[in-house]
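Presented below is the structure to which this report refers.
The values are calculated or read from the model by the stated rules, or taken from the named source; none is laboratory data. No experiment lies behind these values; they were computed from the predicted model shown. Cβ atoms come from the backbone with ideal geometry, glycine included; neighbour counts cover every protein chain shown. Protein only, heavy atoms only, side chains kept; ligands, DNA and RNA dropped before computing areas. Shrake-Rupley method; radii C 1.70, N 1.55, O 1.52, S 1.80 Å.
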Amino acid sequence: MGNRGTRGDGSSLKRALLVTGGLALAWLTVETAFKPFLDRLRASISRSDPARDPDEDDNDVEVEWEKGETAAEEKDGKAGGIPPSD
């Protein structure tokens with residue numbers, strides 16, 4: 001039990017190198033296994049615009065679509081309610 005302190009830092013250095021090597025190998029394995037998914041994800045991130053909020057854009061499109069539909073119905077005389085009598 002007293003020999004534990006006399007081994008020096010050689011074993012701790014070996015252990016640190018072993019852990020570092022294991023982490024590098026694990027990272028390389030994950031990169032290789034998920035390469036297609038990670039490539040698509042990275043391409044999507046590079047194409048995205050961080051200043052644009054997609055949630056706000058979706059709501060604006062929906063509101064504009066509803067306005068356009070209402071305007072088209074009013075133009076055709078199909079705005080709902082009672083039709084005009086002739």
Evaluate the stretch 55-71: report whether one residue or more is modelled with pLDDT of 60 or more, open to solvent by 80 Å² or more (accessible area, probe 1.4 Å) and assigned to a loop (DSSP other than H, G, I, E, B). no
Got a number for residues in the stretch 15-27 being among the aliphatic types (A, V, I, L, M) and either open to solvent by 90 Å² or more (accessible area, probe 1.4 Å) or touching a helix residue (DSSP H, G or I) at 6+ places or on another chain (Cβ under 9 Å) (or both)? 4
Would you confirm whether any residue within the stretch 3-13 is open to solvent by less than 100 Å² (accessible area, probe 1.4 Å) and either at pLDDT below 65 or in a loop (DSSP other than H, G, I, E, B) (or both)? yes
